[in-house]
Amino acid sequence: MGGLLQANWAELDGKLYAKHWAASDFVEADIAEIQIAVGATCMLSDRVSVYGEPFLHFIDGELKDIFSEVDTGTGGLLTSEYSWDIEKDSAFGGYLGTQVKITQNCSLNIEFQHTAAADAFAAGVACRF
C-alpha cells in the first residue's frame, strides 16, 4: 500500500511572436494543482510491479492573452485582452501503472490516469546515481 500527496503550481508569462503579426502576444498563466492518491502495488516478479487505485485531482488557475491587431478601417493598432479561468471539471479518477526494473539502479515507469473530463499518459526512466 502507498499514498501520494502532490502539489504543483506555476506562474508563467511570455511573449509570442510571428512575422506576419502586427505585434507580439503577451501570455500569462497561473496554475495550481493538487493530487491525492492511495493505492496498492502488486509485485509480478522481482523486476515488474503493477500499481493503481483511485485518486482526487484538483486544478485551478487563470490564463490571460493580450494581443494587438491592425484595424483594417483606420490602419491603427487595436489591443485586446482575453482571460479564461482554469477550473476542475472532474475531481475523481483512477490510475494504473507499471514499473519495470531495467538495471539495479534504473527503472522504467508507465502510467495511465483517467477522470470523466480527461485522460493522461506518462512514461519515464528513473536512475539512481
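A short reminder: the numbers here are calculations on the coordinates, not readings from a lab. This one's a predicted model, so the numbers in the text were calculated from it and none came from an experiment. All Cβ positions, glycine included, derive from the backbone under ideal geometry; neighbour counts span all protein chains shown.
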Original post:
Just going by the charge dipole of segment 2-127, with Lys and Arg at +1 and Asp and Glu at -1 on Cβ, which of I36, V50, G94 is farthest out on the positive end?
Top reply: V50
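Determine the dipole magnitude for segment 43-118: charges of +1 sit on the beta-carbon of Lys and Arg, -1 on that of Asp and Glu, nothing else is charged, the reference point is the Cα centre, and the result goes in debye to the nearest 20. It would help to have the intermediate numbers written out before the result.
Values: 4 positive and 12 negative charges, 131 e Å.
Dipole about the Cα centre, nearest 20: 640 debye.
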Original post:
For segment 30-68, list residues with backbone N below 20 Å from a point placed 7 Å from the Cα of R128 toward its Cβ?
Top reply: 41-51
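In debye, nearest 20, what is the charge dipole magnitude of the chain about its Cα centre with +1 on Lys and Arg Cβ and -1 on Asp and Glu Cβ, if you could check?
On the way: 7 positive and 19 negative charges, 191 e Å.
So the magnitude is around 920 debye.
Of S45, S107, how do they rank once you tally other Cβ atoms within 10 Å and put the fewest first? Display every interim value, and only then the final one.
Numbers: S45 8, S107 17.
Ranking S45, S107 by Cβ neighbours within 10 Å, fewest first, gives S45, S107.
For segment 1-70, what is the relative contact order in percent, using Cα pairs closer than 8 Å and at least 6 residues apart in sequence?
Values: 139 pairs, mean separation 24.9, N = 70.
About 36 percent, as a whole number.
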Original post:
So what is the orientation-averaged projected area of the chain, using the convex hull of its C-alpha atoms, in nm²?
Top reply: 11.5 nm²
**OP:** For segment 14-125, build the charge dipole from Cβ charges (+1 Lys, Arg; -1 Asp, Glu) around the Cα centre, then report which of F121, C106, I59 sits farthest towards its positive end.
**Re:** C106
Original post:
Tell me which lysines have Cα within less than 19 Å of K64's Cα, excluding those fewer than 8 residues away on the same chain?
Top reply: K15, K88
**OP:** Take the Cβ-Cβ distance between S45 and H114 as r, set R0 to 25 Å, and report the resulting FRET efficiency rounded to the nearest 0.05.
**Re:** 0.45
Original post:
How many angstrom separate the Cα center of segment 102-129 from the Cα center of segment 39-91?
Top reply: 20 Å
Subject >> For the chain, Cys with no neighbouring Cys Cβ under 4.7 Å >> reply: C42
**OP:** Quote the relative contact order of segment 2-127 in percent (integer), defining contacts as alpha-carbon pairs under 8 Å separated by 6+ residues.
**Re:** 19 percent
